[in-house]
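Where a number appears in this text, it was derived from the coordinates with a stated rule and is not lab data. Remember, predicted model here, so these are calculated numbers, not experimental data. Cβ coordinates were reconstructed from backbone atoms using ideal geometry, including for glycine residues, and neighbour counts include every protein chain displayed.
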Amino acid sequence: MKPRKLVFLLCCAVFGSALINQFVFHRGVAAAQVRTIQVGTASGAVGGTINVPIELVSQGDENAVGFSLTFDPAVLSNPVAALGSGATGASFNTNNSQAAQGRFGVALAFSANQKFTAGVQQMIVVTFSIAANANFGTTNIGFGDQPVQREVADVTANTLTATFMGGAVTITKGYEADVTPRPDGDNNGTVTITDWVQVGKFVAGLDTAADGSEFQRADCAPRSTLGDGRISIIDWTQAGRYAAALNPATPAGGPTTSAPPSLASNRLVVAARQPDTTETVSTPSTIRLRQLPATGIRQRTTASVDIDATGTENAIGFSIIFNASHWRLVNVKAGGDLEEAILHINSTQADRGRIGIALAMPVGKAIARGTRQLLVCEFAPVASRKGMPFTFGFGDTPVRKEMADVEANPIIAGYSVEGFELELLRAGLGEKSFNRIVSSAQPIWLRGTNLAIGAETASASEYRTSLAGTKVIVIDCLGEQRFLALRFVSPEMLNGLLPASLAEGTATVIVTNSNGDNFYSLIEISRR
């Protein structure tokens, strides 16, 4: 049988019963079966369209393929086919006479002696309209024999054995970054500046995206995966790119809720932030937190957040942590170098010692290269608790540390703290761990110099409040003081157990050696 004649027969769905009996259909996956015709991955928005790729896992000897797609006509309609990227040069015909019954026929063939290339090849892409009342979720697309029977043939018109595997495609509610008006967006394939602003408010923690469709649309970056299970700075930048039509509107996909924590929600997160040694090695951009010289009202202190910019930074997120047990936030304002930037300040957790910052330049514009002031913060001592030196650092609550370039790619950045007269400790949960989820009674390590006049270890069955004359006090954000139960101390390191009753927020750790020297650090304590 000539290949051209085979195409004609496929188009007309005219095959002899003997030929059909020779063809092997498998509803499951057979171990020895390699050649496969399958439904590829696809997603589309309710009321829009969906492009469904039909793929051939080729052995390199296929000349012609025929099949019918089966689908739910209450969800999908108006199928239209286009030649796929793996079938360049082939001819194809379609039969949509039974589309109202959920069946669509396709017959495709190359010229004589031409074959598919071995591997996964996209044969054809079928575009369906999605019903305006379709349910959010998935719908199945399978294979059948009406109006075109399933068959694969080689260049000599011999029938080749193949597996036909249907699949489920995703019906989404709306488009990536289309979040206004809340909660459903416009759902018309457009993303606007109001969507960009709203995503910024999600990023800053000023609003919370509801789990499900709203979270899925707000979590729009990385674009390649339609989100990563968290709403962060790169999502804000990507939403701006959609709003500026730098990227085409994309049906929503990806996670519908935030990525789950790695351990149980009743654990504590303890993160040391001074200095953040895990993020300061060979980094192209640096955010610096520095204490400014005292001016104006006595006893108040002012901190400046600066960036040593490389000229690629578009949006930045971070949190400032401070010892709220003895200091309170008075004011936060934009720095003098970023007049064009949009700035979101989340001070809802200021009483716990946390301030969230999210800022973004106009879409497609980067911060000018050089040292730039991002913002200025002013703090005052709590009248009833004077005497504690002001300490501050960087954290990840309520806004995660992250930086994005103009194309919504994350930028590795360093975060440093300057301007302290007191020697700082490095606090962590291990040699290189600064973000481990632990129970309240798990050990913590503190490192520095001159922490103790010598080394001493408590017995295996006990912890003590003093070793070698060194004591450690932890003051939580409410001002409650607890001793750190010590197991080991030395001039360079000490080890102990965190108190179990610390309040959520930023806590201050004070180490006092036998000579009366004090050393300070901040740690974040968060319940998840």
Relative contact order (percent, whole number), the range 300-415, Cα cutoff 8 Å, 6+ residue spacing
43
Each label point is 7 Å from the Cα along the Cα-to-Cβ direction; what then is the distance between the points at LEU246 and ALA259, in nm?
2.4
If Lys and Arg each add +1 and Asp and Glu each add -1, what is the summed charge of the other residues whose beta carbon sits under 15 Å from the beta carbon of THR371?
-1
May I ask which of LYS365/LYS401; LYS201/LYS365; LYS173/LYS333 have a Cα-Cα span longer than 28 Å here?
LYS173/LYS333
Which distance in nm do the two modelled labels at ASP207 and GLU480 give, with both placed 7 Å along the Cα-to-Cβ direction?
3.6
I need the GluC sites (Glu not before Pro) found in the range 317-384, filtered to DSSP loop residues with at most 15 other beta carbons within 10 Å of theirs.
GLU339, GLU340
Find out how many positive minus negative residues lie around GLN59, taking Lys and Arg as positive, Asp and Glu as negative, among other residues whose Cβ is under 10 Å from that of GLN59.
-1
For the charge dipole of the range 63-186, defined by +1 on Lys and Arg C-beta atoms and -1 on Asp and Glu C-beta atoms about the Cα centroid, which residue among THR70, ILE141, VAL152 has the Cα displaced farthest towards the positive pole?
VAL152
So how far apart, in nm, are the two label points at GLN101 and THR225 if each is 7 Å from Cα heading toward Cβ?
4.4
May I ask you to list the aspartates and glutamates whose Cα is less than 17 Å away from that of LYS115, ignoring any residue fewer than eight positions away on the same chain?
GLU55, ASP61, GLU62, GLU151, ASP154
What percentages, rounded to whole numbers, describe P(r) for the range 197-244 computed over all alpha carbon pairs with 5 Å bin width beginning at zero?
5, 27, 36, 24, 7, 1
Using alpha carbons only, how many angstrom separate the centre of the range 207-242 from the centre of the range 48-79?
30
Given contacts defined as C-alpha pairs under 8 Å and at least six residues apart, what's the relative contact order of the range 166-260, whole-number percent?
35
At a Förster distance of 56 Å, what's the computed FRET efficiency of ASN188 paired with SER111, Cβ-Cβ distance as r, to 0.05?
0.85
